[in-house]
1. Please work out which residue is surrounded by the most Cβ atoms within 10 Å (Cβ to Cβ), limiting yourself to the stretch 173-213 and to residues that are touching a residue at least 24 places away in the same chain (Cβ under 8 Å) and more than 17 Å from the chain's Cα centre (by Cα).
2. Within the stretch 122-136, work out how many residues are at pLDDT below 85 and either in contact with a strand residue (DSSP E or B) (Cβ under 6 Å, 6 or more places away or on another chain) or not in a loop (DSSP other than H, G, I, E, B) (or both).
3. Just to be sure, is residue 181 at pLDDT 80 or above and part of a helix (DSSP H, G or I)?
4. Here's a check for you: in the stretch 219-237, which residue that is assigned to a helix (DSSP H, G or I) and surrounded by fewer than 13 Cβ atoms within 10 Å (Cβ to Cβ) is modelled with the lowest pLDDT?
5. Select from the stretch 144-172 the residues that are crowded, with 17+ Cβ neighbours inside 10 Å and free of Cβ contacts under 8 Å to residues at least 24 places away in the same chain and write down the one among them that is farthest from the chain's Cα centre (by Cα).
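The values are calculated or read from the model by the stated rules, or taken from the named source; none is laboratory data. Please read these numbers as outputs of a predicted model, since none were measured by experiment. Don't worry about glycine lacking a Cβ; one is built from the backbone with ideal geometry, like all the others, and counts go over all protein chains shown.
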């Protein structure tokens, strides 16, 4: 994957999390890149055109090609820029979390990532050649958090770190993927200030309070090891959600032995 470079061949990036933007971001090259990010996010790579990107950036189509070559090369530069921003944000968050008091990124930091999240969702949904390496890079970032968490947990993980990191990335991207439905359900735009705060609080609550008890998880693990589907009616206690681990609840809240609803 190619990265965006300035005329001297230096790797470029914009400051994230309150740092001052570099001088490169005041150039036509940066305006073209930002315009491309906008059009690739809103229209998708296939529908976005060099002419539209140039118009948004306030430059000629020829200047776009002069700086980036083809539309594919421009996408490569956008991909590298987005991943670089995410890496920087992740590094800063890990550093803050390791300090006394565990200071977390503020609202401005999270809002700075909003357009990048939507760009990533579109890039992955396009199933282009860049989708796999972009997803893999995000998994590596989450893996660093899990490595730290695993070192402090009293019980061994039930699944390997890579699998858990991949699922967490998919869940995180799912929020941006289904933002219209989530916003409708919540009654507010999740990319607004109030929506962002509500989502952040909800995710904190979800991650800090287990959905199932350790006893239920251990029982489900035993069933899986024995080839049985967890969540069967005779394994559920009254205080556990029927579909918390597996199976599909019926209209009366019960499940059959295969986790399928009763007729």
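1. Step by step, filter the stretch 173-213, then rank; the result is 212.
2. Selection size over the stretch 122-136: 8.
3. Working: at pLDDT 80 or above: yes; part of a helix (DSSP H, G or I): yes.
It is true that residue 181 is at pLDDT 80 or above and part of a helix (DSSP H, G or I).
4. Looking only at the stretch 219-237, we keep the residues that are assigned to a helix (DSSP H, G or I), and these are 219-225, 233-235.
Within this subset, residues satisfying the condition of being surrounded by fewer than 13 Cβ atoms within 10 Å (Cβ to Cβ) are 222, 225, 234.
Numbers: 222: 88, 225: 82, 234: 41.
If we take residues in the stretch 219-237 being assigned to a helix (DSSP H, G or I) and surrounded by fewer than 13 Cβ atoms within 10 Å (Cβ to Cβ), then 234 is modelled with the lowest pLDDT.
5. The extreme case among them is 161.
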